Amino acid sequence: MLTALTGVYGDRPDALRVAGRDASYEELLGAARAVAADVAGAPAFAVTATASLETVAAVVGGLLAGVPFVPLPPDAGPAEREHILRDSGAVLVDVDFERRGDGGAGAGVVAGPGRPALILYTSGTTGPPKGVVLTAEAVAADLDALAEAWQWSAEDTLVHGLPLFHVHGLVLGVLGALRTGSRLVHTGRPTPEAYAEAGGSLYFGVPTVWSRIAGAPAAAAALGGARLLVSGSAALPAPVFRDLERLTGLRPVERYGMTETLITVSGRAGGAVRPGTVGTPIRGVRTRIVAEAGAEIGELQVSGPTLFSGYLGRPEATAAAYTEDGWFRTGDIAAVDEADGVHRIVGRASIDMIKSGGYRIGAGEIENALLDHPKVSEAAVVGLPDADLGQRIVAFVVAEGVTGPELTDFVAAHLSVHKRPREVRFVAAIPRNAMGKPQKKLLLGDA
């Protein structure tokens, strides 16, 4: 699966640069073989997935040995670490990148078709994190389709500073580079200065990263020589999109996916890109919108070769995640443009679909409208129970020099009047997780 390690693209001393440390493909392969020898025969193994060459060697070593790799978040608390290790049955391993294994230790992939390659833990709305089982076949199918969509090749230098325990940073940002042969520069911390200095042709980031880059004009201008900017893991606010276009001359491509599905929908390199949209299904993936009669938005459901094998040890949860006819329920609310099939993600069904006064309203479009106001820096919109409306629209906003009624009128002037917030609450910050996604349930604790 890792084409670059076969030698087809040759080798160079800086094929990978992670947090300032360089390695060649040969050095990575040697370190990965040492890991493969250490974990051979284990049911699974875990590594604290820091932004390091050790984490890269670990994931490659697991693929060589045919042993599922379980990345542990470096900031996980004792209870979360214990749960992940116990639930996965993984052996905790320390990796020394300077150690080298010989060609006999995991020289070829041992795992048969359909065998687990990665177990990534994802939090749901209730209960402890669940282990998402991904096969090498699913990962390869996804990366090949994305290489086609983004014109991603060995000629690229991929730059990002994303965590290596999520799909975005680990699967796309590490295995994608080793699949396509592109040089990889992981900046460690994803600062605007680090991105500007990296000299990449292809950049990955989450909205928080892109927002900070857009706020550093000199750093943003340095990205103008790149070929493609890709944003994911959360919706990119329209003002950030426009600022990046103005400063870099590039229109960022957004993509959509989940741990369970990998990336299923994306904008295309060289294609028409509109802010607030995530493109069309990648090769091999099908999507459908299941909506109530007369509604333009509904739950996005997907099928295709990139989907996970199931939740580890949770057959009932796995079965519940699929429809009777075999489509995966994403739990996300979306709309599809009838003219060109471009998808727009409105939000999570559990919290971002607001039913107010007989209307079905997506929180995302109200948030984007609020963010278009020059005095607003952050916004999160929810629906709260209301005796008259069913749910009333409440906006949590980080802003200065503007009143709640002014923001309500601003939204009403940009969108339909029924989509205006009935209440605006000013907060110091919108709580977010490590990937920059708003944690609205934390806001609701104050409701």
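The values are calculated or read from the model by the stated rules, or taken from the named source; none is laboratory data. Being a predicted model, the structure only gives us computed values, none of them experimental. Please note: Cβ atoms are built from the backbone with ideal geometry, for glycine as well, and neighbour counts cover all protein chains shown. In case anyone asks, the SASA skips ligands and DNA or RNA and just uses the protein heavy atoms, side chains included. Shrake-Rupley method; radii C 1.70, N 1.55, O 1.52, S 1.80 Å.
Filter region 14-26 for residues that are open to solvent by 60 Å² or more (accessible area, probe 1.4 Å) and touching a residue at least 12 places away in the same chain (Cβ under 8 Å); which is nearest to ALA117 (Cα to Cα)?
Our first condition is that a residue be open to solvent by 60 Å² or more (accessible area, probe 1.4 Å); within region 14-26, this holds for 17, 20-22, 26.
After this cut, where a residue has to be touching a residue at least 12 places away in the same chain (Cβ under 8 Å) as well, the list is 17, 20-21, 26.
Values: ARG17: 24, GLY20: 28, ARG21: 26, GLU26: 22 Å.
Only one residue tops the list, namely GLU26.
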Next item on the list: Hey, could you check region 70-82 for residues that are part of a helix (DSSP H, G or I) and under 23 Å from the mean Cα position of the chain (by Cα) and say which is farthest from MET1 (Cα to Cα)?
Entry: GLU80
Item checked: Unmet criterion (only one of (1) under 19 Å from TRP327 (Cβ atoms); (2) surrounded by fewer than 18 Cβ atoms within 10 Å (Cβ to Cβ)) for GLU260 -> (2)
Notebook entry, point to check: Pairs under 9 Å by beta carbon, first residue closer than 12 Å to ALA42 by Cβ in region 74-92, partner part of a helix (DSSP H, G or I) and hydrophobic (A, V, I, L, M, F, W, C), six or more apart or different chains?
Noted result: ALA90/ILE84; VAL91/VAL39; VAL91/LEU85; LEU92/LEU85
Check: Which of the residues spanning region 389-416 are modelled with pLDDT under 85 and farther than 20 Å from ILE345 by Cβ?
Finding: LEU389, GLY390
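Filter region 27-39 down to residues that are over 23 Å from LEU162 (Cβ atoms) and either open to solvent by less than 50 Å² (accessible area, probe 1.4 Å) or at pLDDT below 95 (or both), then give me how many there are.
Quick first cut of region 27-39, residues over 23 Å from LEU162 (Cβ atoms) only: 29-30, 33-34, 36-39.
With the extra rule that they be either open to solvent by less than 50 Å² (accessible area, probe 1.4 Å) or at pLDDT below 95 (or both), the set shrinks to 29-30, 34, 36, 39.
The number of residues fulfilling the criteria is 5.
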Next item on the list: Look at region 40-50 and say how many of its residues are crowded, with 24+ Cβ neighbours inside 10 Å and touching a residue at least 60 places away in the same chain (Cβ under 8 Å).
Entry: 1
Next item on the list: Scan (1) of a type in the set (Gly, Ala, Ser); (2) more than 20 Å from ARG242 (Cβ to Cβ); (3) loosely packed, with under 15 Cβ neighbours inside 10 Å for the single condition ALA413 breaks and write down its number.
Entry: (2)
Check: How many residues are in contact with a Lys or Arg (Cβ under 7 Å, 6 or more places away or on another chain) and of a type in the set (Val, Ile, Thr) if we restrict to region 323-332?
Finding: 1
Next item on the list: Considering each of VAL67, VAL59 in turn, give the residue that is in contact (Cβ under 8 Å) with a residue 24 or more places away in the chain, surrounded by 22 or more Cβ atoms within 10 Å (Cβ to Cβ) and part of a loop (DSSP other than H, G, I, E, B).
Entry: VAL67
Next item on the list: Would you be able to say whether some residue in region 34-49 is under 21 Å from PRO190 (Cα atoms), touching a Leu at 6+ places or on another chain (Cβ under 8 Å), of a type in the set (S, T, N, Q) and assigned to a loop (DSSP other than H, G, I, E, B)?
Entry: no
Check: Does region 178-218 hold any residues that are within 16 Å of the chain's Cα centre (by Cα), part of a loop (DSSP other than H, G, I, E, B) and either surrounded by fewer than 17 Cβ atoms within 10 Å (Cβ to Cβ) or β-branched (Val, Ile, Thr) (or both), and which are they?
Finding: VAL206
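When you look at GLU378, is it of a type in the set (Asp, Glu), part of a strand (DSSP E or B) and open to solvent by less than 50 Å² (accessible area, probe 1.4 Å), yes or no?
On the way: of a type in the set (Asp, Glu): yes; part of a strand (DSSP E or B): yes; open to solvent by less than 50 Å² (accessible area, probe 1.4 Å): yes.
So GLU378 fits the description; yes.
Suppose we keep only residues that are open to solvent by less than 60 Å² (accessible area, probe 1.4 Å) and touching a strand residue (DSSP E or B) at 6+ places or on another chain (Cβ under 8 Å) within region 84-103. Which one would you say is farthest from ALA58 (Cα to Cα)? Don't jump to the end; show me each part of the working.
To start, the set of residues in region 84-103 that are open to solvent by less than 60 Å² (accessible area, probe 1.4 Å) comprises 84-85, 87-90, 93, 95, 97, 101, 103.
Within this subset, residues satisfying the condition of being touching a strand residue (DSSP E or B) at 6+ places or on another chain (Cβ under 8 Å) are 84-85, 87-88, 90, 93, 95, 97.
Numbers: ILE84: 17, LEU85: 16, ASP87: 20, SER88: 16, ALA90: 13, VAL93: 9, VAL95: 7, PHE97: 9 Å.
This residue is ASP87.
Sort out which residues of region 388-431 are of a type in the set (D, E, K, R) and in contact with a helix residue (DSSP H, G or I) (Cβ under 7 Å, 6 or more places away or on another chain), and write them in order of number.
Taking region 388-431 and keeping what is of a type in the set (D, E, K, R), we get 388, 392, 400, 406, 409, 419-420, 422-423, 425.
The answer is LYS419, ARG420.
Of all residues in region 379-437, how many are polar (S, T, N, Q) and under 30 Å from HIS168 (Cα atoms)? Quick ask: steps written out before the conclusion?
Kept after step one, since they are polar (S, T, N, Q), are these residues of region 379-437: 391, 403, 408, 416, 433.
Now drop any that are not under 30 Å from HIS168 (Cα atoms), which leaves 433.
Selection size over region 379-437: 1.
Residue check: is ASP11 on the phi < 0 side of the Ramachandran plot, free of Cβ contacts under 8 Å to residues at least 24 places away in the same chain and either part of a loop (DSSP other than H, G, I, E, B) or under 22 Å from the mean Cα position of the chain (by Cα) (or both)? Please lay out each step first, then the result.
Numbers: on the phi < 0 side of the Ramachandran plot: yes; free of Cβ contacts under 8 Å to residues at least 24 places away in the same chain: yes; either part of a loop (DSSP other than H, G, I, E, B) or under 22 Å from the mean Cα position of the chain (by Cα) (or both): yes.
Answer is yes for this residue.
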